[in-house]
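Read the structure below first, then the notes.
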2 protein chains.
Amino acid sequence: MEKFILSLYDRKNRYEANQCVCEGLRASQELYSITPELIEYAVVTNKADSSFLKGIKIFEADERVFNKISSTVSSQGILLVAKIPKLSDRPLQDTPFALVLDRIADPGNFGTILRTCVSVGLKDVWFSSTSVDPYSEKTIRSALCAQFSLNLHAYNNVNTLVDNLEKEGFQRIYRTDPSGGKNCFETGKLFEKSIIVFGNEANGISDVKDSIPVNIPMPGKFESLNVAQAVTVILFEAVRRKILR
Amino acid sequence: MEKFILSLYDRKNRYEANQCVCEGLRASQELYSITPELIEYAVVTNKADSSFLKGIKIFEADERVFNKISSTVSSQGILLVAKIPKLSDRPLQDTPFALVLDRIADPGNFGTILRTCVSVGLKDVWFSSTSVDPYSEKTIRSALCAQFSLNLHAYNNVNTLVDNLEKEGFQRIYRTDPSGGKNCFETGKLFEKSIIVFGNEANGISDVKDSIPVNIPMPGKFESLNVAQAVTVILFEAVRRKILR
């Protein structure tokens, strides 16, 4: 079992086994409350409270063994092995606008974004298949398992995706652009069945044809905002306008 | 030198030496552009571009040695040792409102918040002395050295701080509260010489007397927002209202 769990820290192995690792107390509680049926088993040490895992097969491990299989520096002594949910190919769920995450490379950022999507009640999220894996242990930890309650749609080519979304009734493509474009707070139609594309932390966005640049004003003129912060600003602007409610 | 650099990963040693470690290319570039005078020296491997460090003493290290002193898993082969700036005891810098960070425990969150403060042009930030250290290597990395361009004010007791801020002309104390209070987007006086207190990720805010609860609406009903995301929402609400500009 140790060897198997360690193998799941590799993306290829993860998708061959179709299983992933969720570590930590809070993330485990979230996963149990969202989709207990996906949980294969838990591994816990005696320092962890696993009493909430009703009906789940639990393996006890001593601290030494647990630290070997843990992906964290100071573990909380609890991890779950779970099935990776089928990435959805349903295109819409009453989504007022389409959030597209293009090549997000950092698992912490990706996870934070997914957690924020759940906070604001957005159900559908599109992400490029060259992003960091949403089911890597780090993305899961930082998302607190938000990826298990979203419809995540992977895409290969952003322009093909945009074409398909347009067929689904989405219109007007915005791309966040730190160097120019319209002020996001003054863009009246920002959330009207639009497609909003956020780019990679370091390299920005892939070329998206016919897209309208939109920027988040930054009075401090610091080079650019962390992509997770940028998504947060836009999502809560939709909350403020009561588009998401 | 190796031993000395490793010692700086411990808070006590850091403040005895009054020096800290800034690692990575982008963070090093930022530090050099903000306060080159604080940089004591750089350590680089041959894979790193250090040509921008004009006038800085540079030690070359081979990969093996560098990996020993690095605090990252996959290093970029560049780190700076720098003086810790004197924490400011200047109380104001034309600050429209006082941002108070109460016991932030996670260096990634703390760093992201500081980076966001610089993005929006906020100059003064207050933080409790029981927070994670703003000059830890992790906080520095995640802030991209934003802590070197802010006036950071440490405090011991939040109520004493509030009393002192009131003497400086601040009034009305808001505390972010996920469980109730006024909607932040509908709180007209949120930024009028106010004090806004954000709390610890896990335990919320210390008791702050006479404080008004304010909440960030979350249609998705996910338990609570990451504190860095919460601060981001409030700071950009100030940008949207042109309080910060």
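The values are calculated or read from the model by the stated rules, or taken from the named source; none is laboratory data. Please read all numbers here as calculations on a predicted model, not as lab measurements. Virtual Cβ from ideal backbone geometry, glycine too; neighbours counted across all protein chains shown. SASA here: full protein model, heavy atoms, side chains in, ligands and nucleic acids out. Shrake-Rupley method; radii C 1.70, N 1.55, O 1.52, S 1.80 Å.
Would region A:17-135 count as rounded, prolate or oblate if I go by the C-alpha gyration tensor, calling it rounded below 1.5 in a/c and otherwise prolate when a/b exceeds b/c, oblate otherwise?
The shape class here is prolate.
What residue of chain A sits with its beta carbon nearest the rotation axis taking A to B, and at what distance in whole Å?
In chain A, the Cβ lying nearest the symmetry axis toward B is A:THR232, 3.
Whole number in Å², please: accessible area per residue of the protein assembly as shown, 1.4 Å probe, ligands, DNA and RNA not counted.
Using a 1.4 Å probe on heavy atoms only, each residue of the protein assembly as shown averages 43 Å².
Buried accessible area for the A:B pair, summed, 1.4 Å probe, in Å² rounded to 100?
Counting both chains, the buried surface is close to 2800 Å².
For region A:111-127, state which residues have at least 50 Å² less accessible area in the presence of all protein chains than in their chain by itself, taking the probe as 1.4 Å and leaving out ligands, DNA and RNA.
A:ARG115, A:SER119
How high is the relative contact order of chain A? Use alpha-carbon pairs under 8 Å, at least six apart in sequence, and give a whole percent.
The normalised contact order for chain A reaches 20 percent.
If I model a spin label as a point 7 Å beyond the Cα along the Cα-Cβ vector, how far apart are those points for A:ALA154 and A:GLU40 in nm?
According to this spin-label approximation, the distance is 1.8 nm.
How large, in percent, is the carbon and sulfur part of the accessible surface of the protein assembly as shown at a probe radius of 1.4 Å?
After summing per-atom areas, the C and S share lands at 48 percent.
Hey, got the average number of other protein chain Cβ atoms within 10 angstrom for residues in A:210-218?
The mean count of partner-chain Cβ atoms within 10 Å per residue comes to 2.
Give the nm distances, rounded to one decimal, from B:ARG11 to the matching residue in every other copy, measuring between label points 7 Å along Cα toward the beta carbon; shortest first.
Reported distances to equivalent positions: 3.6 nm.
Label position 7 Å from Cα toward Cβ: report the copy-to-copy distances for A:PHE52 in nm, one decimal, ordered from shortest.
Spacings between copies for this position, smallest first, are 4.3 nm.
In chain B, if the dipole is taken from +1 on Lys/Arg beta carbons and -1 on Asp/Glu beta carbons about the Cα centre, which of B:ILE243, B:ALA27, B:TYR15 is farthest to the positive end?
B:ILE243
Across the Cα atoms of the protein assembly as shown, what radius of gyration and what greatest pairwise Cα-Cα distance (Dmax) are found, in Å?
22.9, 64
For q values of 0.16 Å⁻¹, compute log₁₀ I(q)/I(0) with the Debye formula on a Cα-only model of chain A, without solvent.
So the normalised log intensities are -1.09.
When N counts the residues of region B:2-83, how does its alpha-carbon radius of gyration compare numerically with 2.2 N^0.38 Å, as a ratio?
1.00
State, to one decimal in nm, how far the label point of B:ARG26 lies from the label point of A:SER206, with both points 7 Å from Cα in the Cβ direction.
2.1 nm
Just to confirm a number: summing +1 for Lys and Arg and -1 for Asp and Glu over residues other than B:PRO213 whose beta-carbon lies under 15 angstrom from that of B:PRO213, what do you get?
Local net charge: 0.
Would you mind classifying region A:49-119 by shape? Square roots of the alpha carbon gyration tensor eigenvalues, ordered a ≥ b ≥ c; an a/c under 1.5 is rounded, otherwise it is prolate if a/b is larger than b/c and oblate if not.
Cα axes put region A:49-119 in the prolate bin.
B:THR160: net charge of surrounding residues, Cβ under 12 Å, Lys/Arg +1, Asp/Glu -1, itself excluded?
0
Of the listed pairs B:LYS12/B:LYS209; B:LYS3/B:LYS47; B:LYS57/B:LYS138, which have alpha-carbon separations greater than 27 Å here?
Beyond 27 Å between Cα atoms: B:LYS12/B:LYS209.
Quick one: label points 7 angstrom along Cα→Cβ at B:ASN159, distances to the other copies in nm, smallest first?
List, nearest first: 6.4 nm.
Looking only at region B:2-83, where both bridge partners belong to it, what percent of the DSSP beta bridges are antiparallel (to the nearest 5)?
That works out to approximately 75 percent antiparallel.
Quick one: how many Å² of A:LYS138 are accessible to a 1.4 Å probe, rounded to 10?
110 Å²
Can you give the mean number of other chain Cβ atoms that lie within 10 Å of the Cβ atoms in peptide A:18-29?
If you average over the peptide's residues, the count of other-chain Cβ atoms is 0.
Can you pull the mean other chain C-beta count within 10 Å for peptide B:230-237?
6
How much FRET efficiency would the formula 1/(1 + (r/R0)^6) give for A:ASN183 and A:MET1, where r is the Cβ-Cβ distance and R0 is 41 Å, rounded to 0.05?
It comes out at approximately 0.15.
State the antiparallel share, in %, of DSSP beta bridges confined to region B:98-240, rounding to the nearest 5.
5 percent
If you take the square roots of the eigenvalues of the alpha-carbon gyration tensor of region B:124-245 and sort them as a ≥ b ≥ c, do you get rounded (a/c under 1.5), prolate (a/b over b/c) or oblate?
Taking the square roots of the gyration eigenvalues as a ≥ b ≥ c, region B:124-245 is rounded.
Let me have the 222 nm mean residue ellipticity of chain A computed from DSSP H runs of 4+ only, each contributing -39500 (n - 2.57), with the sum over all residues rounded to the nearest 500.
-9000 deg cm²/dmol
All other residues with a Cβ under 13 Å from the Cβ of B:THR130 taken together, and with Lys, Arg as +1 and Asp, Glu as -1, what is their net charge?
Summing Lys and Arg as +1 and Asp and Glu as -1 gives 0.
How big is the dipole moment of the protein assembly as shown about its Cα centre under a simple scheme where the beta carbon of each Lys and Arg is +1, that of each Asp and Glu is -1, and everything else is neutral? Debye, nearest 20, please.
640 debye
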